[in-house]
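Before any comments, here is the structure.
What follows is calculated from the coordinates using simple rules that are stated; it is not laboratory data. These figures come from a predicted structure and were not determined experimentally. Don't worry about glycine lacking a Cβ; one is built from the backbone with ideal geometry, like all the others, and counts go over all protein chains shown.
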Amino acid sequence: MTASVHQAEHLLFSVLLQLIIMIGAARLMNSCFRRVGQPGVIGEIVAGLMLGPSLLGHFFPGLSAEVFGTSASPPIAVLSQIGLILLMFQIGTDFEFGHLKAARNRRATVTVAIASICVPFALGFVIGEASAPTLAPSIDALTYSLFLGVALAITAVPILGRILREYGLNQTEIGVVAISAAAINDVVGWILLAGVSAYATARFSTLQMGLQLGGLVVLVVVLWLALRPLANLLLRALPIRDAELPPNLMAIVLCLIFALAIWTFQLGIFAIFGGFAGGLLFHRHLGFVEAWRRQVGQFVLVFFLPIFFTFTGLRTNILGLTGATDLEWLAIVLAAAILGKIIPVYIGGRLAGFSHHEATILGSLMNTRALMELIVLNIGFDLGFIPQNLFTMMVIMAVATTVMTGPLLKILLPRAGHAIPVGIEA
C-alpha cells in the first residue's frame with residue numbers, strides 16, 4: 001500500500017468516525033429537546049456545541065484532539081456547506097409565497113425587514129463605540145462597531161425555516177412574512193458585512209458596492225425571466241411519476257442549485273442564498289416539492305445538518321467569559337439583541353395590520369439568530385474585527401435568542417389561534 005493510499009484510508013477512517021459521532025449526537029439531542037418542548041433543531045445546535053471546546057474539548061482535550069483534530073477537517077467543512085445549501089433549497093420550496101399577493105403581507109415584509117435591520121444595527125454600533133475602549137482596545141473602533149451592528153442585525157434564515165416547519169407555520173401569513181423579511185434581512189446583512197470587510201482592508205469603493213448590488217439585480221431578473229420558465233419546462237419534460245423524482249431531473253436540479261450557489265458566493269452574499277433562490281423556482285410545483293422532501297430532504301436533515309452544527313461547534317468556546325466586566329457587557333448585548341429585534345418588529349407588524357399576538361409572534365421569530373449568527377461571528381473573528389471575549393458573548397446571545405423562540409411560540413401561538421403541533425406541546 002503506497003503512502004498516498006494509506007493517507008487516504010486514514011482520512012476516510014477519521015471522517016467516518018466523526019460522522020458517526022455527529023449524526024448520533026444530533027439525533028440524541030434532537031429527541032431530548034423535543035421531549036422538553038423545544039424544537040429538535042435547537043437540540044442539534046447544542047449537540048454541535050457540546051462536541052467542540054465548549055464541552056468535549058474542555059473536559060477531554062486529548063479525546064477531542066484525537067477524534068476531531070485541532071480544527072475541522074476540509075472534508076467536514078465542505079460537507080457542512082453543501083448541507084446548508086441543500087437545506088436552503090428545501091426551505092425555498094416549502095413556502096407558499098402566494099400569501100405575499102396580499103398588500104398587507106407585502107407591506108408587512110418590507111416594514112419588518114427594515115425594522116429588523118436598522119434598529120439592531122444602530123444599537124450594535126452604539127454598543128461598539130461604548131465598549132471599544134474596554135473590550136477591543138487594539139482593534140479599529142469604527143470597524144469593530146460596524147461589525148457589531150451587522151452581527152446584531154442578523155436573523156437565521158435556515159434555523160427559522162426549520163422552526164416554522166416544526167410549528168406548522170411555514171404556509172401561514174406569519175411564517176411567510178417572517179421568512180421573507182429574514183431573507184431580505186440576511187442579504188442586506190451580508191452586503192453590509194462585505195462593506196465592513198472592504199473598509200477594514202482599505203478596499204472599499206462605491207464602484208465595488210455598485211457592482212455587487214447590480215449583480216443582485218441581474219440575479220433577480222434572470223431568476224424571474226429565464227430560470228422560472230425553464231423550471232416549468234423542465235418539470236413538463238421530466239414529470240413526477242408515482243411520486244418519485246426521475247434521476248435525470250434530480251441531477252439537473254442539483255446542478256442548478258450549486259450553480260446558483262456559486263453565483264451568490266461570487267456576489268459576496270454567501271452561497272446558501274443561491275440554494276434558497278433555487279427553491280423559489282420550484283415552490284409552486286407541489287408534486288415536485290413532496291417528492292424532493294421525501295427522497296432528498298430527510299437525508300439532508302439527518303446527515304448534512306449535524307455536520308454543519310458540529311463544524312461550527314468545533315470553532316466555538318462558550319466557557320471563555322470571566323470577570324464582572326465581561327458579564328455586564330454580556331447582559332447589555334443580550335438586552336440590546338432581544339429588545340432591538342422584538343420591539344421594532346412588533347411595531348412594524350402592528351403598522352402592517354397584524355394583531356397584537358401575531359405581531360408579537362413575528363418579533364419572536366425574527367429574534368432567532370442561531371448558526372447564521374455563528375457564521376458571521378466566525379468571519380469577523382477570523383478577520384480580526386472582534387476579540388475573543390466579545391466573540392464568546394455573541395455566541396451566547398445567538399444560542400439564547402434561538403432557545404427562547406420555542407417557549408415564546410408555545411405561549412403565543414394558542415393566543416393567536418394556532419395549534420401547537422403534536423410532539424412539541426410539552
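What the table shows:
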quantity	calculated
Net charge contributed by nearby residues that have their C-beta within less than 15 Å of LEU17 (K/R +1, D/E -1)	-2
Theoretical ellipticity at 222 nm over the chain - DSSP helices of four or more residues, -39500 (n - 2.57) apiece, nearest 500	-24500 deg cm²/dmol
Directionally averaged shadow of region 197-335, computed from the convex hull of its alpha-carbon atoms, nm²	12.7
Only Lys, Arg (+1) and Asp, Glu (-1) charged, at Cβ; region 75-415 dipole about Cα centre in debye	840
Helical segments meeting 20 Å axial Cα length and Kyte-Doolittle 1.0 threshold in the chain (DSSP H)	74-94, 173-200, 206-222, 247-267, 324-351, 388-403
Rg to Rh quotient for region 29-139, alpha carbon positions, Kirkwood Rh	1.10
Three principal axis lengths of region 75-415 [C-alpha, angstrom, descending]	63, 46, 38
Interchain or long-range residues, amide H under 5 Å from GLY52's placed H	GLY57
Contour minus Cα-Cα distance for GLU244 and LEU339 (0.36 nm per residue)	29.6 nm
Where GluC sites (Glu not before Pro) in DSSP loops with at most 16 other Cβ within 10 Å are excluded, longest remaining stretch of the chain	97-424
Unit charges at the beta carbon, dipole of the chain: most positive-side option, VAL110, ILE379, ILE163	VAL110
Selection from CYS32, LEU142, LEU321, by position along the positive dipole direction of the chain (Cβ)	CYS32
Hull volume in cubic angstrom per residue (convex hull over the Cα atoms of region 1-58)	75
